[in-house]
Amino acid sequence: MKTLSPTRQALTYTALVVITIFMLLPFVWVLFGSFKTQSEFLHSPGAWLPDSFQIQNYVQLFAERGFGNYMVNSVIVSGVAVVGNVVFSAMAGYALAKLRFRRRALVFPLVIAAMIVPYVALFVPQFMVVVQMGLVNTLTAIILPVLVLPLSVFIMRQFAHSVPFELMEAARLDGAGEARLFFRIFLPLTGPGLATVAILSFLTSWNNFLWPLVVAQSQDTYTAPVGLSVASQASNTISFGLLLAGAMVVLLPILILFLFLQKYFIQGVATAGLK
Amino acid sequence: MHLYPSSRRRATMLGLALVTAGALALTGCGRSDDTGTGGDGAGTTIDDKPAKGTVEVWTQGADGAKLPEMFEKFKKDNPDVTIKMTQVPDTEFISKMTAAITAGTVPDLIYAFTESQSALLATDGFDPVPDGLVKADDFFPAIWDNSVIDDIAYGVPWYAYADMTIYRKDLAKKAGVEAPTDWDSLRTFGEKLKASGVEYPLALYVNYDSYTARQLLTFAKQNDGGFISDDQKTWTINSPENVEALEYWSGLIKDGLASPDGPAFLDTVSWSTTGKNAAIIDGGPWFIGWFDDANGKGWADENLDLAVAPVGPDGDEATTVGGGSWFVPQDSENKDAAWKFARFMSQPENQVQWYQIFHNMPALKAAWDDPAMQGDRVLDTVKAGLETGVNLPKVSTWTQVGDVIGQQIEKVVRGGISAKDALDEAQKQAESIGTGQ
């Protein structure tokens, strides 16, 4: 592999550092803002550093605004969504790429179509279905639409193509059944795909706002984004400190998940389109 | 009131609300055939017996955090009632409420801000105010009329506010100007302040959306204009009076008396505090408290003067007003108790108490006679403004049309097109959008 000259290397790193700092600036402003008081926002809205680092916003968020309960709901919803997407999209991807069945050619275009249709068009019928099922104001209703995302199926179907047919045929000749093929051959070879699906489905369900807002009709079933929107309401304005503190709290699980799975995620994103 | 959500988010929410409202018709879940729809409240009366059962209330904005104090008072005279409250984010309240109406999973009672009442009432999902529950004449007309559709009242007004001119007394003194009372003196006020060194003397709304359109509407009304016919069926956006109002309004910006780039909502206080602006034209009463929050208690008293909105060339008065009213959905399971609570909140002593708790001002005229409401310059200015309040167009498409007007206003200020051309285009687009009726 060709190596860069020291000068070009230094320039490259400098450019990357500058870009990184530039991209981190909004995040840093949010972080610092979460320690500000409301009057600081009103007095100097553009200021970077708080007068003094107050943790009052975080305390208020959990002690007075019930944010702990919202976070628990979000963890449950997102946890189930991740498991559902990983399990079901792996199975669907395997079936679409490796199994022969009637009308198979029709199924994948349907998955693509489901990705294309705007959410606004699905919103009302989806809500009516949930109402008819008697699931309004339950976590189940919040989870159902994100349990298997079309994008997850798409990703896993693409990854399934990367698993060589020869390998699977060899295993079949050795007497492996479909279940064994799936669990012992297919799944281990699609790790980056599963990690990608896990992260994307977590992000989708964790950040979901409108659906939980409409389905959850009492605050007991609010998820973190909905709860944050309520918690940050103050008299005739937004309580900016609370909003930013909540944003930091909501961001934390995503950061942690990404830090643990970033290697697989980057690999997954880089290779998903090549299959 | 009402945050100023981004246009994009509001457009998404409006889209969802409209899709949901459309679904009402398509799914047959609308209430047009249900008992009471389209009625005028005749035959429905609410007695004076204590309320019973559970009342589910959906609240929005920060008001909900303090409402339980009023619930407790209500329960003293109605011990068999249980009130269950859910706080809903106010920027998404319409979406949630219209979806709930579609599905029939509504609460028993809600309040809606003036800006969202038309969109909600367009769902046809609310009961008329029962006969004799309250008297229309007891309330400020602009607030009462806001929830009246086809002569039928659907809401019981709860609180009200009026905007005002808020200006720096030290800067005005230095420039040698008095509070503006009409369009001419407003311009002179700005010019003299500019000459005395204030960069942008006047703060006007600069987000070119339905809120800017609302501000223009106030100027238009001061010029005997308006955006919609009295029967709410025909847009009148490009009338000569409105064109004149836009020419006046945009002239203030073009001549450097106001900045087209700010202050945005959050920096309004800091621009005036630092002297970049000298006056907030059409500012809500809550700004007074914000100045104290930002600069220390007493700062507003020491540094700010207040004035009612200036009148137009012919002396027409008009003020931007807003507030909130109580509504009972048709599928409410405990309408009796819900209306009783709405009635309770419309009693003078309770509106005064709510002012003392939350600083939301009474929509009921009589409440302003209470000793607690006397001797305060903010209250006096708001009360004067409430008498000349301007209603927003009472059609479900107002936010959409308001955005169109706002976008055209921006073209006048930044794009160099004439006020006439801008409002002609807004009229054309508004006609294609319709009134939703």
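The values are calculated or read from the model by the stated rules, or taken from the named source; none is laboratory data. Keep in mind it's a predicted model, so treat the numbers as computed, not measured. All Cβ positions, even for glycine, are placed from backbone atoms using ideal geometry, and neighbour counts span all protein chains on display.
The condition of being under 22 Å from B:Asn146 (Cβ atoms) and either modelled with pLDDT under 95 or under 24 Å from the mean Cα position of the chain (by Cα) (or both) holds for only one of B:Asp261, B:Asp267, B:Asp293, B:Asp282, that being B:Asp282. Residue count for region A:106-124, restricted to those that are loosely packed, with under 11 Cβ neighbours inside 10 Å, within 14 Å of chain B (Cβ to nearest Cβ) and more than 16 Å from A:Leu151 (Cα to Cα): 1. Restricting attention to region B:182-204, the residues that are assigned to a loop (DSSP other than H, G, I, E, B) and in contact with a strand residue (DSSP E or B) (Cβ under 7 Å, 6 or more places away or on another chain) total 3.
Contact map, region A:161-179: residues that are more than 21 Å from A:Val87 (Cα to Cα) paired with residues that are assigned to a helix (DSSP H, G or I), Cβ distance under 6 Å, separation 6+ or inter-chain. Pairs shown: A:Ala171/A:Leu181; A:Ala171/A:Ile185. Looking only at residues of region B:318-366 that are within 14 Å of another protein chain (Cβ to nearest Cβ) and assigned to a strand (DSSP E or B), we find that the one that is farthest from B:Gly289 (Cα to Cα) is B:Pro329. Of the candidates A:Val130, A:Val59, A:Val136, the single residue that is in a helix (DSSP H, G or I) and buried (at least 20 other Cβ atoms within 10 Å of the Cβ) is A:Val130. Consider A:Phe41 carefully, then state whether it is surrounded by 15 or more Cβ atoms within 10 Å (Cβ to Cβ) and either in contact with a His (Cβ under 9 Å, 6 or more places away or on another chain) or not hydroxyl-bearing (Ser, Thr, Tyr) (or both). It is true that A:Phe41 is surrounded by 15 or more Cβ atoms within 10 Å (Cβ to Cβ) and either in contact with a His (Cβ under 9 Å, 6 or more places away or on another chain) or not hydroxyl-bearing (Ser, Thr, Tyr) (or both). Whether a residue is over 21 Å from A:Val146 (Cα atoms) and in a helix (DSSP H, G or I) was assessed, and A:Gly246 passes this test.
For region B:60-179, which helices (runs of 4 or more DSSP H) that fit wholly inside it have 1 or more residues that are within 14 Å of chain A (Cβ to nearest Cβ) and surrounded by 20 or more Cβ atoms within 10 Å (Cβ to Cβ)? Steps first, answer last, please.
Values: elements: B:63-66, B:68-77, B:93-103, B:114-121, B:141-145, B:169-175.
So the answer is B:63-66, B:93-103, B:114-121.
Here B:Asp282 does not qualify as outside any helix (DSSP H, G or I) and without any contact (Cβ under 8 Å) to a residue 12 or more places away in the chain. A:Ser52 meets each of the listed conditions (1) under 21 Å from A:Ala247 (Cα atoms); (2) among the hydroxyl-bearing types (Ser, Thr, Tyr); (3) under 31 Å from the mean Cα position of the chain (by Cα) apart from (3).
For B:Asp301, the conditions (1) under 28 Å from B:Lys174 (Cβ atoms); (2) in contact with a strand residue (DSSP E or B) (Cβ under 9 Å, 6 or more places away or on another chain); (3) not in a loop (DSSP other than H, G, I, E, B) are fulfilled apart from (2). Could you grab me the full set of residues in region B:263-317 that are at positive phi and of a type outside the set (D, E, K, R)? Once the filter is applied, which keeps residues that are at positive phi and of a type outside the set (D, E, K, R), region B:263-317 yields B:Gly275, B:Gly296, B:Gly298, B:Gly315. Here is a check on your reading of the model: is A:Leu151 within 21 Å of the chain's Cα centre (by Cα) and surrounded by 13 or more Cβ atoms within 10 Å (Cβ to Cβ)? Here the answer is yes, as A:Leu151 does meet what is asked.
Taken over region B:254-264, the criterion of being within 14 Å of another protein chain (Cβ to nearest Cβ) and either in contact with a helix residue (DSSP H, G or I) (Cβ under 9 Å, 6 or more places away or on another chain) or in a strand (DSSP E or B) (or both) is satisfied by B:Gly262, B:Pro263. Answer yes or no as to whether A:Ser229 is polar (S, T, N, Q), within 14 Å of chain B (Cβ to nearest Cβ) and in contact (Cβ under 8 Å) with a residue 12 or more places away in the chain. So A:Ser229 passes the test.
Mind checking which residues of region A:19-41 are part of a helix (DSSP H, G or I) and aromatic (Phe, Trp, Tyr)? The answer is A:Phe22, A:Phe27, A:Trp29, A:Phe32, A:Phe41.
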